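Q: Right, I'll just put the structure down here and ask away after.
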Amino acid sequence: MAKGNDRDRDSRRRAPKDAPRKGAKKKVCIFCSDHIAFVDYKDINLLRRFMSERGKIRARRVSGNCSQHQAAVAVAIKTARELALLPYAQRTLTERTGGRGGGRGGDRSRGAPERVEAYEPPELTSDAGDGAEEAGDVAESVDAEVRT
């Protein structure tokens, strides 16, 4: 009774996940191909190639590094972040709304994310004479109040 189901399952075998895809070229580790001895944490331009635009370390399958060099790149990026040579995350100007579930605020319309405006402090006047006179007036009015 269960054998019929097993035969059906065996006839629809899937290809293994690690099998190469047709037409896809395997990426080669640039450190191995260029015979680079070690990954330098001070080489910011090289390390940025292995980071996304948001500052995340790219996966090995995306970057094409071998496992040894991917580990070395990760350590170099983390060291460069600690020394403030690389940012931990990039600053984004838009605020994401919702997600898959839509979040709690169901009244928002779907579509483009909300725009967040940067804070700009009010402009200060450079009239030094006016500020000194006002400070003097305040001091005189305080003295008048204390005397009475």
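Q: Among the numbered criteria (1) of a type outside the set (Phe, Trp, Tyr); (2) modelled with pLDDT under 70; (3) part of a helix (DSSP H, G or I), which one does GLN68 miss?
A: (2)
Q: On the given criteria, is VAL73 modelled with pLDDT of 90 or more, in contact with a Ser or Thr (Cβ under 8 Å, 6 or more places away or on another chain) and not charged (D, E, K, R)? Reasoning before the result, please.
A: Numbers: modelled with pLDDT of 90 or more: yes; in contact with a Ser or Thr (Cβ under 8 Å, 6 or more places away or on another chain): yes; not charged (D, E, K, R): yes.
Here the answer is yes, as VAL73 does meet what is asked.
Q: In the set ARG54, ARG48, ARG60, which member is free of Cβ contacts under 8 Å to residues at least 12 places away in the same chain and among the charged types (D, E, K, R)?
A: Values: ARG54 fails: free of Cβ contacts under 8 Å to residues at least 12 places away in the same chain; ARG48 fails: free of Cβ contacts under 8 Å to residues at least 12 places away in the same chain.
The match here is ARG60.
Q: Could you please give the count of residues in the stretch 28-48 that are loosely packed, with under 11 Cβ neighbours inside 10 Å and either of a type in the set (A, V, I, L, M) or assigned to a loop (DSSP other than H, G, I, E, B) (or both)? Walk me through how you get there before you give the answer.
A: Applying the first criterion (loosely packed, with under 11 Cβ neighbours inside 10 Å) to the stretch 28-48 yields 33-35, 37-38, 45.
So of that shortlist, the ones also either of a type in the set (A, V, I, L, M) or assigned to a loop (DSSP other than H, G, I, E, B) (or both) come out as 34-35, 37-38.
Of the residues in the stretch 28-48, 4 are loosely packed, with under 11 Cβ neighbours inside 10 Å and either of a type in the set (A, V, I, L, M) or assigned to a loop (DSSP other than H, G, I, E, B) (or both).
Q: While we're here: Tell me which of these VAL75 doesn't satisfy, since it passes every other one: (1) within 18 Å of PRO87 (Cα to Cα); (2) outside any helix (DSSP H, G or I).
A: So the condition that VAL75 fails would be (2).
The values are calculated or read from the model by the stated rules, or taken from the named source; none is laboratory data. From a predicted model like this one, the values you see are computed outputs, not experimental measurements. Note: ideal-geometry Cβ built from the backbone for every residue, glycine included; neighbour counts use all protein chains shown.
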